[in-house]
Amino acid sequence: MANTASSWPIVTSPGLLERCLRALSYYVRIAIGSIFILIGFLGIILPGLPATPFFLVASLVIGRRSRLLRRASIIGKHRLRRWATHEHPAAKRLGGWSLAVQRDTSRRLRRINWWLATRQIALCRRFLRA
């Protein structure tokens with residue numbers, strides 16, 4: 001009996017499946033986040049559709065793992081700090097207010113991420129017990 005290509009066992013490393021699932025989840029998150037961003041832009045154009053919730057959900061879906069989102073966040077923080085130290089009083093006031101809002105938003109997002117991580121750990125523990 002001759003060996004055919006179909007009779008050979010398929011051998012995969014255990015890390016290969018995990019890497020494939022991680023890559024798949026990354027691209028699915030990017031696709032879902034892009035859809036929410038597009039809906040957010042439609043919310044800017046259309047008066048009856050709110051834009052802010054869609055942008056917030058998109059940033060939560062894409063998450064901190066996105067290099068582009070992290071880079072944009074860091075650049076935005078630097079620009080707000082420059083505004084807060086501007087020599088013109090109105091720009092300085094606006095920059096200081098914007099920087100305070102950004103810090104508060106960042107703190108709240110860290111709390112949300114912490115809460116989501118604790119819920120995920122609790123769900124995993126509950127799943128493993130069953």
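The values are calculated or read from the model by the stated rules, or taken from the named source; none is laboratory data. Not measured: the values here are computed from a predicted model. Because the Cβ atoms are built from the backbone with ideal geometry, glycine has one as well, and the counts that use them run over all protein chains shown.
Kindly indicate whether any position in segment 44-53 is under 18 Å from ARG108 (Cα atoms) and either touching a strand residue (DSSP E or B) at 6+ places or on another chain (Cβ under 8 Å) or without any contact (Cβ under 8 Å) to a residue 40 or more places away in the chain (or both).
Among the residues of segment 44-53, at least one is under 18 Å from ARG108 (Cα atoms) and either touching a strand residue (DSSP E or B) at 6+ places or on another chain (Cβ under 8 Å) or without any contact (Cβ under 8 Å) to a residue 40 or more places away in the chain (or both), which makes the answer yes.
What number of residues within segment 83-121 are polar (S, T, N, Q), closer than 20 Å to ARG70 by Cα and in contact with a helix residue (DSSP H, G or I) (Cβ under 9 Å, 6 or more places away or on another chain)?
4
Does ILE112 fit the bill of being in contact (Cβ under 8 Å) with a residue 12 or more places away in the chain, assigned by TED's automatic domain parsing to the domain that holds VAL28 and assigned to a helix (DSSP H, G or I)?
When the stated conditions are applied, ILE112 does not pass them.
Can you name the residue in segment 33-75 that is of a type in the set (A, V, I, L, M, F, W, C) and not in a helix (DSSP H, G or I) and, of all such residues, is farthest from the chain's Cα centre (by Cα)?
Restricting to residues being of a type in the set (A, V, I, L, M, F, W, C) and not in a helix (DSSP H, G or I), the top hit is LEU46.
Can you tell me which of PHE127, PHE41 is loosely packed, with under 10 Cβ neighbours inside 10 Å and among the aromatic types (Phe, Trp, Tyr)?
PHE127
State yes or no: is SER6 at pLDDT below 85, more than 25 Å from LEU109 (Cβ to Cβ) and either out of contact with any strand residue (DSSP E or B) (no Cβ under 8 Å at 6 or more places or on another chain) or not in a helix (DSSP H, G or I) (or both)?
Answer is yes for this residue.
Which condition number does ALA91 fail, the rest of (1) surrounded by 12 or more Cβ atoms within 10 Å (Cβ to Cβ); (2) of a type outside the set (Ser, Thr, Tyr); (3) free of Cβ contacts under 8 Å to residues at least 12 places away in the same chain; (4) closer than 25 Å to VAL61 by Cβ being met?
(4)
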